Protein chains: 14
Amino acid sequence: MDSMTLIAVASIVTAGFTIAFGVIGPALGEGRSVAAALSSLAQQPDAAVTITRTLFVGLAMIESTAIYCFVVSMILIFANPFWNHVIEAAGK
Amino acid sequence: MDSMTLIAVASIVTAGFTIAFGVIGPALGEGRSVAAALSSLAQQPDAAVTITRTLFVGLAMIESTAIYCFVVSMILIFANPFWNHVIEAAGK
Amino acid sequence: MDSMTLIAVASIVTAGFTIAFGVIGPALGEGRSVAAALSSLAQQPDAAVTITRTLFVGLAMIESTAIYCFVVSMILIFANPFWNHVIEAAGK
Amino acid sequence: MDSMTLIAVASIVTAGFTIAFGVIGPALGEGRSVAAALSSLAQQPDAAVTITRTLFVGLAMIESTAIYCFVVSMILIFANPFWNHVIEAAGK
Amino acid sequence: MDSMTLIAVASIVTAGFTIAFGVIGPALGEGRSVAAALSSLAQQPDAAVTITRTLFVGLAMIESTAIYCFVVSMILIFANPFWNHVIEAAGK
Amino acid sequence: MDSMTLIAVASIVTAGFTIAFGVIGPALGEGRSVAAALSSLAQQPDAAVTITRTLFVGLAMIESTAIYCFVVSMILIFANPFWNHVIEAAGK
Amino acid sequence: MDSMTLIAVASIVTAGFTIAFGVIGPALGEGRSVAAALSSLAQQPDAAVTITRTLFVGLAMIESTAIYCFVVSMILIFANPFWNHVIEAAGK
Amino acid sequence: MDSMTLIAVASIVTAGFTIAFGVIGPALGEGRSVAAALSSLAQQPDAAVTITRTLFVGLAMIESTAIYCFVVSMILIFANPFWNHVIEAAGK
Amino acid sequence: MDSMTLIAVASIVTAGFTIAFGVIGPALGEGRSVAAALSSLAQQPDAAVTITRTLFVGLAMIESTAIYCFVVSMILIFANPFWNHVIEAAGK
Amino acid sequence: MDSMTLIAVASIVTAGFTIAFGVIGPALGEGRSVAAALSSLAQQPDAAVTITRTLFVGLAMIESTAIYCFVVSMILIFANPFWNHVIEAAGK
Amino acid sequence: MDSMTLIAVASIVTAGFTIAFGVIGPALGEGRSVAAALSSLAQQPDAAVTITRTLFVGLAMIESTAIYCFVVSMILIFANPFWNHVIEAAGK
Amino acid sequence: MDSMTLIAVASIVTAGFTIAFGVIGPALGEGRSVAAALSSLAQQPDAAVTITRTLFVGLAMIESTAIYCFVVSMILIFANPFWNHVIEAAGK
Amino acid sequence: MDSMTLIAVASIVTAGFTIAFGVIGPALGEGRSVAAALSSLAQQPDAAVTITRTLFVGLAMIESTAIYCFVVSMILIFANPFWNHVIEAAGK
Amino acid sequence: MDSMTLIAVASIVTAGFTIAFGVIGPALGEGRSVAAALSSLAQQPDAAVTITRTLFVGLAMIESTAIYCFVVSMILIFANPFWNHVIEAAGK
């Protein structure tokens, strides 16, 4: 059962670690984008439509990197192939 | 019982670690966004509606990355599949 | 009793660690927001109402990330499911 | 008695660590807010009342994150449920 | 079975680590690009077409580096040649 | 006697560590506040009364975070409940 | 089989590490370049052709450093001479 | 005698560490304050009295945080209650 | 065979490490150069020929430092004299 | 003799460490103060007397924090109460 | 053969490490120089000859520090006196 | 002889460490002061005498912190009381 | 032979480390100097002779610190007195 | 011979370390000074004599801190009193 425990511990620690460090970059990047959008709106209110549209495309792009981390984190908790393999091997 | 303890310790440490490091980025990003919103409001009070709306969409987007961390943290404490498996295995 | 001690130690260390690191981001983010609000007030005193309202919404949003950490910290000290499980198992 | 000592050591180290790292963010955030308030006062002395009021609300908000840390630190020293449990268990 | 466990643990930890650290750079880089695009739009709304097109080409280029990390992370979880080899060797 | 020594060592190291790291934030925050006050005084000497008053309130607030650390440090050296418990237990 | 496992673990960890750290520099560098290109386009829309061409040459140059890392990472996973040697030695 | 040595070593290392790290913040904060005072004096020589007075109050406040560290450091070397206790216990 | 494995592991880890850390500097340096080139082009489009030429010479110079790392990395994987020596010694 | 050696090693390492890290802050703070004094002198040569006097008071204040470290370092080398105690105990 | 392996491993790791860290400084320094050259060319195209000449002398000077690292790295791989000594000693 | 070796090793490592880290702060502080002096000379050549005199006093003050480190480093190599004690004890 | 191997490994690692870290400072410092020289040339082409001469003296001075590191690195590889001593002792 | 080897290894590692870290500060400080000198020359070519003289005095002062490190490094390699003592003790 040692092997199962090790894999479980590694999955738990990595899942948390992945999402915790993985959101630092996106959150800062999005904060910078939103801040720039607000300054731009204040400077050129007439271009609000273009600015808002570009902002949302950009945020979606940056958010996608956070979602990569979330996906890997979820896979490690709920669809971990290594865990499934040891469970199956143990169940045999 | 060693295996159960190890998984419990890993879950506790990771849950705290995940949310503690996971909020650094979002909090700084939101702080920057709010600061930019306030400067923009002072510069162009007439565009208050557009600025506030864009700010709230942006904050929601950034907050979402903090919520990913909170979700992973809560899953590790209250709905941990690895813990459930060892409890069940022990209860058998 | 070793397993109980390990879980207790992990909970104590993680609870302190979570709140200690978890408030760095929110505190800096709020400091930045308040500083921006004060500069904006000095620049455009007429927009005081809008600025103050936006500031309070923003502070609440940022404070929420600190509260996530506080909640996890309190759960680990006073409502720790892993601890409850080992206490119960020991009491049996 | 080993288990008691370990919990005591963990509580002592975590209590100090929590407050030591927990005040870095708030202290810097408050320093920034106060600095911005003073610059704003120098720039717009007429808005002194609004600026001071907003400053105090903001400082209270930021101080609250330092107080979370102080509360956790005090709980770990004077109302530690894990310590109480082992003392009680030992006293039995 | 020790060798299998070690490879599984290494794959899990590395997969999470790779994507968690790998998105920090791209997310910050994209945040900077989007911020510059928004400032440019506010400054020169007439050049919106050129700016938006250049932005999207640039974002795709930067995103590609995040995708390298995601690809390596997925290979390590789902198409790991070292894991396949030990599974096959064990199955023989 | 081993348990007593461990608690003593932990208390000594933590007491020093707490105050050493705990004053970094407040000292920098106060330095920033005082610097801003002096610049403000030079810019608007007429507002000296308001500026000085706000500065002192702010410094008191920031100093309070340093005092939290000093209090925890002193408690750990002179009123440590864990130490008192082991001394008492040993004296019995 | 110990030697094979060690080489496999080293290859897995290094492959992930190489690409994870290797993209930080290029992603930030490309972000800076794209940001400068967009500012330049806003400042001098007439020079769009020269700016875009120089940008693409520069991005290709910077991307090349990320590709070095990707190549090394792929070699370590799929064409690792050390792994091939031990496999071959084991197969003999 | 082992317990005495451990406490002595911990006290020596902590005393040095406390003062070494504890003066970084105050020294930088005071440097910043003095620099701001000198710039202010150059900008507004007429306000020299107010500026100098505020500077000295501020320096005293910042110096106080360095003195907390010095006090803890001296207590650990010359009035260490844990050391006194083990000496006394050994002398009995 | 232990000696061979150790050298293989060291070569694998170092090869990845060398290129991963080795491209951070060049990528950032090239990003800065390209950014400066683009700003210069926007400011002085007439000097495009000189600017582009100087940029390419500079990029080649900076790229050369990344290539040193790539060369060392490739030597360690494909033309490692230490590995060749132990293989030869083992083959004897 | 083991206990004596340990205390000697701890004293040597701490003495060097204390002064090495303890002068970083004061040296940077003094550098900043002197730099500000020189800029102020260039800007307002008539206020040279006040500026120089304030500079010297400030430098003395900052130097005092470096002297705390030097004092602790000298105490640890030449007037170490823990060393004296073990020497005396060994001489008995 | 242990001694030989240790020296080989140390040489491999150090060779990679030396060039990987050794190029960070030069690459950043060259990037800064090239960026300054390009800005200068845009500002003063008439001085192109002097600027380019000074740039190339400066780049050669900075590149020399990267070449020191490359030389040490190559010596460690291909002309390592310590390796030669142990090979020779082993061959005797 | 073990005790002597340990003290010698500690003295050697600490002596180098002390001066290596101890000069970072003073060198940067002096660099800043000299840079400010040169800018001031360029701005106000008439005040050259006052500027140069203040610069030299300031440099002497900053250099003094580097000299503290050099003194401690020399004491540890050539007048180490702990070394003298063990030599004397060994010579008896 | 163990002692010889240890000294060889220490010399190899230190030689690489010394030059790798030793060139970071000089390379950045030279980059800064060259950049400043180029900006100055663009600003005041008439002073080209004085600027270039001062630059070369300065670069030589900064390069000297890199050469100290190179000299120590070469001494450790080719004229290491400790290695010579053990070789000689072994040859006796 | 173990004691001799340990002292030799410590001397080698410390000698390299001392000069490698010791030149970072001086190199950056000198780079800053030279950069400021060149800007000042461009701004005020008439003050070239005073600027150059002050620069050389300042560079000599900063270089002195690098020379402290070089001296300690050379003492540790060629005039190490601890090494001489063990050699002499071994030769007896």
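Readers should treat all values here as calculations from the given coordinates under stated rules, not as data from a laboratory. The shown structure was predicted, so the numbers you read here are calculated from the model rather than taken from an experiment. All Cβ positions, glycine included, derive from the backbone under ideal geometry; neighbour counts span all protein chains shown.
Points to keep in mind about this one:
- Placing pseudo-labels 7 Å out from each Cα toward the beta carbon at E:A90 and J:R53 gives an inter-label distance of 8.2 nm.
- Per-residue [θ]222 nm for the protein assembly as shown (sum of -39500 (n - 2.57) over DSSP H runs n ≥ 4, rounded to 500): -31000 deg cm²/dmol
- Unit charges on C-beta of K, R, D, E only; dipole of chain I, Debye: 60 debye
- Reducing the range G:15-37 and the range H:44-80 to their Cα centroids gives an inter-centroid distance of 45 Å.
- Fewest-first sequence of D:S33, E:S39, L:S73 by Cβ atoms within 10 Å of each Cβ: E:S39, L:S73, D:S33
- Largest-first principal axis extents of the Cα set of chain C (Å): 68, 18, 9
- What the phi angles of the range G:41-50 give under the Karplus curve with 6.51, -1.76 and 1.60, with θ = phi - 60°, is a coupling list of 4, 5, 7, 9, x, 5, 8, 4, 5, 4 Hz, glycine and proline written as x.
- Viscosity 0.890 mPa s, 25 °C: Kirkwood-radius Stokes-Einstein D of the protein assembly as shown over Cα pairs, µm²/s: 75 µm²/s
- Karplus (6.51, -1.76, 1.60) ³J(HN,Hα), θ = phi - 60°, over the range H:18-23, in Hz, Gly and Pro reported as x: 4, 6, 5, 7, x, 8
- Computed FRET value (nearest 0.05) for F:F78 with G:A79, which takes r as the C-beta separation and R₀ as 45 Å: 0.10
- Fewest-first ordering of B:I24, C:I87 by other beta carbons within 10 Å of each residue's beta carbon gives C:I87, B:I24.
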